[in-house]
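Encoded as structure tokens, the structure appears first; notes follow it.
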Amino acid sequence: MTAKIGRARKLRRENSFFLAGKRNFTAIHPNIIFLIALLAAFLPQSGQSEPVKPAIVYSTGGKFDKSFNEAAYRGAEAFLARTGIAYRDFAIRDDSQSEQALRNFARRGFDPVIAIGFNHANALAKVAPEFPDTRFAIVDMVVDAQNVRSIVFREHEGTYLVGLLAAMASRSGVVGFVGGMDIPLIRKVACGFAQGARAANPDIVVLQNMTGNTGAAWTDPVRGAELARSQIDRGADVIFHGAGTTGLGVLQAAADAGILGIGVDANQNGLHPGAVLTSMLKRVDVAVDQALSDAQAGDWSTGIRDLGLAEDGLGWARDANNEALITPAMERAAEEAHDAIVSGQLQVHDYTRDGSCTAATQ
């Protein structure tokens, strides 16, 4: 009997302890939930949607340049259509406006701010440290700052493909390139084109002209047409441009003369249907859309993004406007070269590595 009473008292003590613990847990449980929620709200999480207020600063030449800037605009528009998140943009008239435009957007709380073009590099290098909490990106140049994403392209891989097509389409054995501002980037574009042309025809003549040494070289279609006509007079029957809106004059002169032009950056085949062999696509639209999407999704990263054929950052355009100009043999050759470059079997020389081109131009 005594043993039974002892066991009953023990059970009551254990039950009392359990109930007391349950009451204490119930008392503190809401506080624990609050603290967990508070920490979750402030700790960064990959993939978590974040508020963004995007801004785009275009290069010279205008938003609707049918080329580089317009590709960036299409990327921003794609982001807007998918997310409903509006953006602001501004096209500088000359390089002196870059710093002011970048700073004004950052000061007004825009984030991320994306600079389109290498010519923004000096301004961004100055402005980015002033706004360490603002996310910046720049296309076509590397700016070494903790809050900057630098987006560059291996343009020589894409221009190799259009050089190959140009040589295969040429009947005269002479093709041409008209560049914009004479800088290493455009020399890289020209060198890739020449390498592709010589791969298709080792004896082909590749003519080359640069428009100028200042920013005005991107916005002079009259001069572009003049340079194209001079190459036509020297026998060129396919001319590729890498010259922004200056290149619109190149394509016009080629169409007027009854020869073929090649567009750049955006798909320019439709500017002169049947007279543009193809366009070397530089997917600035994809780069801009991806940068905005990463910021909005909480997946933003800084450092260098290097895009080439393997990353679908480059390509060549085929559509109803040029379908009749591209033979099965040309398409097959371009596809084989594309695959060889992506696999590493074919190495296209990058002019910017050593300032030389293995395929000479005239």
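The values are calculated or read from the model by the stated rules, or taken from the named source; none is laboratory data. Source: prediction; values computed, not measured. Cβ: placed from backbone, ideal geometry, glycine included. Neighbour counts: every protein chain shown.
Conditions: (1) out of contact with any helix residue (DSSP H, G or I) (no Cβ under 6 Å at 6 or more places or on another chain); (2) more than 30 Å from GLY242 (Cβ to Cβ); (3) at pLDDT 65 or above; (4) not charged (D, E, K, R). TYR73 meets all but one. Number of the miss?
(2)
How many of the residues in the stretch 253-265 are closer than 19 Å to GLY180 by Cβ and over 26 Å from the mean Cα position of the chain (by Cα)?
Qualifying residue count, the stretch 253-265: 2.
In the set PRO221, PRO202, which member is surrounded by fewer than 23 Cβ atoms within 10 Å (Cβ to Cβ) and free of Cβ contacts under 8 Å to residues at least 12 places away in the same chain?
Values: PRO221 fails: free of Cβ contacts under 8 Å to residues at least 12 places away in the same chain.
Among PRO221, PRO202, only PRO202 is surrounded by fewer than 23 Cβ atoms within 10 Å (Cβ to Cβ) and free of Cβ contacts under 8 Å to residues at least 12 places away in the same chain.
Would it be correct to say that ASP312 is modelled with pLDDT under 95 and closer than 30 Å to ALA254 by Cα?
Yes; evaluated as a whole, the condition is true for this residue.
Taking into account only those residues within the stretch 271-285 that are touching a strand residue (DSSP E or B) at 6+ places or on another chain (Cβ under 8 Å) and assigned to a helix (DSSP H, G or I), which is surrounded by the most Cβ atoms within 10 Å (Cβ to Cβ)?
VAL284
Would it be correct to say that GLY196 is in contact (Cβ under 8 Å) with a residue 40 or more places away in the chain and assigned by TED's automatic domain parsing to the domain that holds ALA253?
Yes; evaluated as a whole, the condition is true for this residue.
Is it the case that GLY180 is closer than 19 Å to ASP65 by Cβ, of a type in the set (Gly, Ala, Ser), assigned to a strand (DSSP E or B) and at pLDDT 95 or above? If you could, list the steps in order and put the result at the bottom.
Numbers: closer than 19 Å to ASP65 by Cβ: yes; of a type in the set (Gly, Ala, Ser): yes; assigned to a strand (DSSP E or B): yes; at pLDDT 95 or above: yes.
Taking the combined requirement at face value, the residue satisfies it.
Please verify whether the stretch 291-300 includes one or more residues that are of a type in the set (Ser, Thr, Tyr), within 30 Å of ARG82 (Cα to Cα) and not in a strand (DSSP E or B). Give the derivation first.
Narrowing the stretch 291-300 to residues of a type in the set (Ser, Thr, Tyr): 293.
Narrowing further to those that are within 30 Å of ARG82 (Cα to Cα): 293.
Within this subset, residues satisfying the condition of being not in a strand (DSSP E or B) are 293.
Scanning the stretch 291-300, I find at least one residue that is of a type in the set (Ser, Thr, Tyr), within 30 Å of ARG82 (Cα to Cα) and not in a strand (DSSP E or B), so the answer is yes.
From (1) of a type in the set (A, V, I, L, M); (2) part of a strand (DSSP E or B); (3) assigned by TED's automatic domain parsing to the domain that holds GLN195, pick out the condition that doesn't hold for VAL162.
Of the numbered conditions (1) of a type in the set (A, V, I, L, M); (2) part of a strand (DSSP E or B); (3) assigned by TED's automatic domain parsing to the domain that holds GLN195, the odd one out for VAL162 is (2).
Those residues that are touching a Ser or Thr at 6+ places or on another chain (Cβ under 6 Å) and not in a strand (DSSP E or B), I need them from the stretch 193-212; list them, please.
Matches in the stretch 193-212: PHE193, ALA194.
What about GLY244, is it touching a residue at least 12 places away in the same chain (Cβ under 8 Å), within 28 Å of the chain's Cα centre (by Cα), buried (at least 24 other Cβ atoms within 10 Å of the Cβ) and not in a strand (DSSP E or B)?
Answer is yes for this residue.
Does ALA190 satisfy the condition of being under 23 Å from GLY235 (Cβ atoms), part of a helix (DSSP H, G or I), assigned by TED's automatic domain parsing to the domain that holds LEU165 and over 24 Å from the mean Cα position of the chain (by Cα)?
So ALA190 fails the test.
ALA310 fails exactly one of the following numbered conditions: (1) farther than 12 Å from TYR160 by Cβ; (2) part of a loop (DSSP other than H, G, I, E, B); (3) over 22 Å from the mean Cα position of the chain (by Cα). What is the number of that condition?
That leaves (3) as the condition not met.
Just one of the numbered conditions (1) surrounded by fewer than 18 Cβ atoms within 10 Å (Cβ to Cβ); (2) among the small types (Gly, Ala, Ser); (3) assigned by TED's automatic domain parsing to the domain that holds LEU161 is not true of SER301; which one?
Here SER301 clears every test but (3).
Just to be sure before I move on: is ALA295 modelled with pLDDT under 95, out of contact with any Gly (no Cβ under 9 Å at 6 or more places or on another chain) and among the small types (Gly, Ala, Ser) in the structure I sent?
No.
Out of (1) over 21 Å from SER293 (Cβ atoms); (2) buried (at least 22 other Cβ atoms within 10 Å of the Cβ), what's the single condition that is false for VAL113?
Exception for VAL113: condition (1).
Could you tell me which residue of the stretch 66-100 is farthest from VAL152 (Cα to Cα), considering only residues that are touching a Pro at 6+ places or on another chain (Cβ under 9 Å) and small (Gly, Ala, Ser)?
Within the stretch 66-100, the match that is farthest from VAL152 (Cα to Cα) is ALA86.
Looking at VAL152 and the list (1) among the aliphatic types (A, V, I, L, M); (2) within 14 Å of ILE56 (Cα to Cα); (3) in contact (Cβ under 8 Å) with a residue 40 or more places away in the chain, which single condition is not satisfied?
Unmet condition: (2).
Return yes or no: is ALA329 hydrophobic (A, V, I, L, M, F, W, C), over 23 Å from MET181 (Cα atoms) and out of contact with any Asp or Glu (no Cβ under 8 Å at 6 or more places or on another chain)?
When the stated conditions are applied, ALA329 passes them.
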